Amino acid sequence: MDYLNAALEMAKYELMPNEREKSYAEIPVCRGVWATGKTLEECRKNLMSTLEGWLIVRLQRKLPIPKIKNYSFI
């Protein structure tokens, strides 16, 4: 969980007031990990889910997983 929390701390959030999905977030160091939500909290939950799925795929395909802060996933 420490790795996931450290990754979420690096997330960049953007509010999009004129869109149906009001919040957007991405974790730049984890290429392709982004999410949207109607609220900031929903966006954060969606981002966590996306990050978890991204990690599963990376592990299954034996792709590198970036080190975040002092945390390695493995």
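I'd like the trypsin sites (Lys or Arg not before Pro) in the stretch 10-72 restricted to DSSP loop residues with at most 14 other Cβ atoms within 10 Å, sorted by number.
ARG20, ARG31, LYS38, ARG61, LYS62, LYS67, LYS69
Just how far, in whole angstrom, is the stretch 37-74 from the stretch 9-36 if you go by their alpha carbon centroids?
Rounded to whole Å, the Cα centres lie 13 Å apart.
Ignoring the sites themselves, what is the longest stretch of the chain with no GluC sites (Glu not before Pro) in a DSSP loop and at most 16 other beta-carbon atoms within 10 Å?
22-74
Test of understanding: express the Cα radius of gyration of the chain as a ratio to 2.2 N^0.38 Å, with N the residue count.
Dividing the Cα radius of gyration by 2.2 N^0.38 Å gives 1.12.
How high is the relative contact order of the chain, in percent, counting Cα pairs under 8 Å that sit 6 or more residues apart?
Across the chain, relative contact order equals 26 percent.
Given labels modelled 7 Å from the Cα in the Cβ direction, how far is it in nm from ILE56 to TYR13?
Calculated label separation equals 2.6 nm.
Could you count how many Lys pairs in the chain have their Cα atoms under 16 Å apart, skipping same-chain pairs fewer than 8 positions apart?
5
Nearest 500 deg cm²/dmol is fine: what mean residue ellipticity at 222 nm does the chain get from its DSSP H runs of n ≥ 4 alone, each adding -39,500 (n - 2.57), divided by its residue count?
Calculated at 222 nm, the ellipticity per residue is -12500 deg cm²/dmol.
Where a number appears in this text, it was derived from the coordinates with a stated rule and is not lab data. None of the values given here were measured: they were computed from a predicted structure. Backbone-built Cβ (ideal geometry, glycine too); neighbour counts: all protein chains shown.
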